[in-house]
1. Are any residues in the stretch A:264-310 in contact with a helix residue (DSSP H, G or I) (Cβ under 8 Å, 6 or more places away or on another chain) and in a loop (DSSP other than H, G, I, E, B), and if so, which ones?
2. Looking at (1) over 22 Å from A:V320 (Cβ atoms); (2) at pLDDT 90 or above; (3) part of a helix (DSSP H, G or I), which one does A:I247 not meet, given that it meets all the others?
3. Which residue out of B:S156, B:S165 is within 30 Å of A:V42 (Cβ to Cβ) and not in a helix (DSSP H, G or I)?
4. What's the number of the only condition in (1) in contact with a helix residue (DSSP H, G or I) (Cβ under 7 Å, 6 or more places away or on another chain); (2) within 13 Å of another protein chain (Cβ to nearest Cβ); (3) not in a loop (DSSP other than H, G, I, E, B) that B:D129 fails to meet?
5. Do you know which residues across the stretch A:426-440 are facing another protein chain (nearest Cβ under 9 Å) and closer than 21 Å to A:S288 by Cα?
6. Which residue, of A:V414, A:V418, is touching a residue at least 12 places away in the same chain (Cβ under 8 Å), within 14 Å of another protein chain (Cβ to nearest Cβ) and surrounded by fewer than 20 Cβ atoms within 10 Å (Cβ to Cβ)?
7. Within the stretch A:343-392, track down each residue that is under 30 Å from A:K485 (Cβ atoms) and either open to solvent by less than 20 Å² (accessible area, probe 1.4 Å) or assigned to a helix (DSSP H, G or I) (or both).
8. Pull up the stretch A:442-480, narrow it to residues that are aliphatic (A, V, I, L, M) and within 21 Å of the chain's Cα centre (by Cα), then point me to the one that is farthest from the other protein chains (Cβ to nearest Cβ).
Amino acid sequence: MRRTTLICFLVALFLFSCSSDKDNKGSKNDGNSLQKKNGGTVVSAISSDIDSWNTLFSQQSHGEELRRFLFLKTLTYNENLKIRGSDFRPCLAHSWRFSEDFLNVTLYLQENLRWSDGVPITAHDVLFTYQKMIDPVIGYPHFSRFDFVDTCRVINDYEIKFHFKEVYANELDHINFEVLPKHVFDRVSSEEMRDHPFNENPSVVSGPYRLKRWERGQLIEFEKNPEYGFSKPHIDRFIFRVIPNQISRLTSLKTGSVQLVQSVSPEQVESLQKDNPNLNMLIYPSLSYEYIGWLHDHPLFKDRRIRRAMTMGINRRQIVDALFHGYARECIGPVHPARKDFYNSRLKPLPYDPEQAKSLLAEAGWTDGNDDGILDKEGKNLSFVLKTNINSQLRIDAATMIQADLKKIGVKAVLEIVEFNVMIAQQTARDYEALISGWSMNITFDPTDIWHSKSIASGYNEHNYANAAVDSLIDLGRRTLDKDKSRHIWYRFQEVLYEDQPYTFLYVKDHVDAIDNRIKGVKTWPKGVYYNMEEWWIEEP
Amino acid sequence: MPKYIIRRVFTSIPIILGVLTVTFFVINLTPGDPLAMYVNPEISPGIREIMAERFGLNDPLPIRYFKWIKNFLTGDFGHSYSHNRPVKDVLFDAVPHTLLLSSTSLLLSIITGIAIGVVSALKKYTIYDHLVTVLSFFIYAMPSFWLALMLIIIFSLKLRLLPASNVRSIDADTLTLLPYLWNRVQHAILPVFVLAIGNAASKGRYMRSSLLEVIRQDYIRTARSKGLPEFLVIWKHAMRNALIPIVTIAGLSIPFLLSGSLIVEVIFAWPGMGQVIINSIFNRDYPLVMATTFISAVMVIFGNLVADVFYSVLDPRIRFD
C-alpha cells in the first residue's frame with residue numbers, strides 16, 4: 001500500500017469512527033460548550049488505594065485510571081476502543097505513519113508539550129520509558145506487549161520510530177503507553193527505580209492534573225497542572241476517598257460528601273434512584289465477562305455436544321435478570337460488544353433449550369437408564385464438580401442457579417466454593433473439572449493469551465483448549481492490518497468459538513456508576529467513567 | 001520483679017520463634033497462589049515467573065525459611081508482594097490508625113465495664129441490675145457490623161451529625177488545631193463506640209460476678225463491722241481483689257491494640273491493621289503475614305506479662321520472685 005493511500009485509509013477510518021461515535025448508547029453528554037463553567041471539586045469514593053504512581057511498578061488495573069489524571073500516553077482511544085491521536089483527545093502523538101511494509105511506525109509528537117517543571121516532553125522521554133519497560137530488572141507487568149518490537153529509535157526530538165520484528169495488527173496499541181519524565185531518573189539505575197521517591201510522589205507530570213496530596217489508604221487529591229499543554233480542564237480539584245465497604249460508599253454518596261461512586265451493585269440501583277433524584281445512574285457495558293470454563297482434557301468436556309448441551313441447559317437470561325437486575329448482557333464470545341469493528345453481531349446467544357440439550361446429551365450416549373433423574377452412561381452418572389470463588393456472592397448465586405438448571409436436564413453439578421487464590425492455583429494446576437470465573441478484557445484485541453493452543457503451556461489458556469482452526473485464525477488475524485480482512489477473520493473466529501463452546505459464555509457485566517447530576521459532560525467508555533474527565537464541568541461550582 | 005520480667009522475656013523468645021516457624025510452614029503449605037494477582041489478560045503471562053524469582057518463591061521451602069529467619073533476625077521484614085513496598089512501611093502506615101482506635105476503645109470499655117459491673121453488683125436484683133443484665137446480653141449478642149451500619153444510618157444518614165467514614169474530613173488539614181482535633185474526634189466517635197460497647201458489656205458481666213464473689217468474703221464483713229464507710233469498703237478492700245479477673249481480660253485484650261478490627265475498619269474506611277492482616281492472608285502475601293504474626297505473638301506475650309505484673313500490684317500476696 002502506498003503512503004498516500006494509507007493516509008486516505010486513515011482519514012476514512014477517522015470519519016467512520018466519528019460517525020459511529022454518535023450511537024454509543026452508554027455515553028451521556030448533556031454538555032453545551034457555551035454554558036461550561038470552570039471551578040469546583042469532584043469527590044469520588046474508591047474501594048482501594050492505588051499501589052504505585054509509576055506505571056512501571058503498578059500491578060492493578062484501576063491504577064491506570066487514576067494515573068490518567070497525571071500522565072499522558074503516547075496515543076489515545078475513542079469510545080469504541082479504536083486508537084487515535086492528539087487531534088482527537090489529549091496524548092503525546094498527533095499522528096503516526098506506517099512504513100510500506102508495515103514493519104515500522106513513526107510517531108510524530110506534539111511540539112508544545114511540557115512537563116509540569118517546564119522541561120519539554122520529547123521523543124527521548126518515550127524512548128527512555130520504552131527501555132525501562134523492556135528491562136527485566138524493572139519487571140514491568142505488561143512487558144510482553146513489546147514482544148513484537150525489535151528496536152526503537154529517536155529520529156529527532158519529536159519523532160520516534162518503532163521497528164517491528166513482524167507485522168502485527170495491534171502495533172499502535174502496543175506502543176501506546178504512559179510516558180515517564182526521563183530527566184527525573186537521569187542518574188537512577190533500574191534497581192534504584194523500584195524504591196524511587198517518584199513512585200510515591202510523582203512531582204513531574206504531563207497530564208491535566210498534578211498530585212496535590214496522597215494520604216495512603218485514605219485520600220488522593222489532584223489539582224490543575226498549570227503547564228498542561230492542551231485546553232485546561234474545567235474542574236479545579238478531583239478528590240478520591242478510599243472507602244472499602246460498598247454500603248459506606250453509598251452512604252457517603254447519599255449524604256453528599258461524595259459525588260461519584262463506581263460499581264454500584266445491581267440490587268442497589270433502584271432504591272438509590274428512587275430516594276436520590278439528584279443522582280444520575282451511568283450504565284454501560286464493562287470489559288468484564290463471566291464464563292464457565294470446561295477443562296478440555298476431561299472425558300466429559302472434550303465432547304463438543306456436551307459443552308453445547310451445558311450452555312443450552314443453562315438459563316443465562318434468567319441469571320442476568322435475577323442477579324444483575326438486567327445490568328448485564330448475555331455474552332456470545334470473547335469480543336466486547338463495544339468493539340464495533342470486530343464484534344460479530346450476527347451471532348445471537350445460544351437459546352435456553354433444555355429439550356435440545358437433553359437430545360444432545362442423548363446423542364453423546366447419556367440417558368437416564370436407572371431412572372434416578374441423573375443421566376448415566378455405562379453405569380456412570382453424569383456428574384462433575386463446578387468450582388467458583390468465595391469472595392463473589394454473585395458468582396456463588398449464579399452457581400446455585402446453574403446447578404438447578406443443570407439438574408433439570410439430568411446433570412449433577414456438585415458445587416465447590418473455594419478461596420480466590422486457591423481457585424487460581426487449582427486452575428493453573430488444571431486441578432478442576434469446570435469453574436465459573438471471569439476475565440477483564442484488554443483494550444487491545446489479541447486473543448492469543450487465552451485462546452491459542454500455544455498458551456496452554458505459557459499463558460492463560462488454562463482450560464487446555466486446542467483447536468487448529470482457532471489457532472490459525474488468531475495467527476492470521478493478529479498479522480492483518482487491513483480492517484476489512486481482519487473483520488472477516490475475527491468474525492470467523494467468533495463463529496468457530498460459538499460452534500465449539502469452549503466456555504459457556506455467561507454475561508458481560510455492566511458498569512453501574514452513580515454520579516451527582518450537577519456534574520455535566522460525562523462520557524463513558526468500557527474502561528470506566530473518567531474517559532473525558534478534563535471536559536467535565538459542574539453546573540454550580 | 002525486674003529479674004522475673006527479664007526471665008519472662010527470655011523464655012518468650014523460643015515461643016515466638018516457634019510461632020513464626022509454624023506460621024511460616026502453615027501459610028506456605030496452604031493452597032493458594034501469591035501470584036494470583038498477576039492472572040489477568042492485561043498482564044504478560046511471563047511476569048509470574050519473573051516475580052516468583054524475585055520473591056524467591058522458586059527456592060525449596062526450607063531454604064526460604066532459613067532466608068526469612070536470617071532477614072528477620074537482622075530486622076528486615078522483607079517486601080510485601082501485594083503492596084509492592086517494604087513491609088515495615090506498610091505497618092508504619094497502619095499501626096498509628098489502629099492504635100488510636102483500639103486504645104481509646106479499650107480504655108473506654110474497661111472504664112465503662114467496671115462502672116456498669118460495680119453498680120449492678122451493688123444494686124443486685126434491682127430493676128437497674130436486671131435492665132443492665134438484659135441490655136448487656138443484647139449488646140454482646142449484637143453483630144458489630146450490624147450495629148455499625150445502624151449507627152451510620154441513624155447518625156450519618158438521618159441526623160447528619162457524624163461522618164460515616166474515613167479518619168478525617170477532606171479539608172481537615174486547613175483547620176486550626178482545636179477544630180482539627182474536633183474533626184478527628186467526630187470521625188472516631190462511631191468506630192470507637194462500636195468497638196467499645198460490646199467489650200464494655202462483657203467486662204461489666206465479669207466485673208459484676210467477681211465483685212459479688214468478693215463482697216461475700218469474711219474480710220469484707222470484717223471491714224464493714226469495724227465501721228468503715230461503705231465506699232471505702234468497696235473501693236479499698238473489695239475492688240482490689242475483684243479487679244483481678246478484669247486485669248486478666250484486659251491483658252488478653254492487648255494484642256487487639258495492634259491487630260485492630262477488620263469489620264469496623266472496613267465499614268468506617270479506617271486504614272488500619274485489621275485490613276492489612278486480612279488482605280495479607282487472602283493475597284498469600286507471605287512476608288506481610290509473617291510480620292503481622294510476629295507482632296501478634298509479641299503482643300500476646302507482652303499482654304500476659306503485663307497482666308501478671310499487675311496481679312502483684314493489686315494483690316501484694318502474689319509474688320513471682
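The values are calculated or read from the model by the stated rules, or taken from the named source; none is laboratory data. Everything numeric here is computed off the predicted structure, so don't read it as measured data. A quick note on method: Cβ atoms are made from the backbone with ideal geometry, for glycine too, and the neighbour counts reach across all protein chains shown. Please note that ligands, DNA and RNA were not included when accessible areas were found on the heavy atoms of the full protein model with its side chains. Shrake-Rupley method; radii C 1.70, N 1.55, O 1.52, S 1.80 Å.
1. Correct list: A:V264, A:S265, A:N276, A:L300, A:F301.
2. Evaluating A:I247 over (1) over 22 Å from A:V320 (Cβ atoms); (2) at pLDDT 90 or above; (3) part of a helix (DSSP H, G or I) leaves (2) as the failure.
3. After ruling out the rest, the residue left standing is B:S165.
4. With (1) in contact with a helix residue (DSSP H, G or I) (Cβ under 7 Å, 6 or more places away or on another chain); (2) within 13 Å of another protein chain (Cβ to nearest Cβ); (3) not in a loop (DSSP other than H, G, I, E, B) applied to B:D129, the lone miss is (2).
5. A:Q427, A:T428, A:W439, A:S440
6. One residue alone meets the criteria, A:V418.
7. Of the stretch A:343-392, the ones under 30 Å from A:K485 (Cβ atoms) are A:343-350.
Of everything in the stretch A:343-392, those that are under 30 Å from A:K485 (Cβ atoms) and either open to solvent by less than 20 Å² (accessible area, probe 1.4 Å) or assigned to a helix (DSSP H, G or I) (or both) turn out to be A:N344, A:L350.
8. Step by step, filter the stretch A:442-480, then rank; the result is A:I474.
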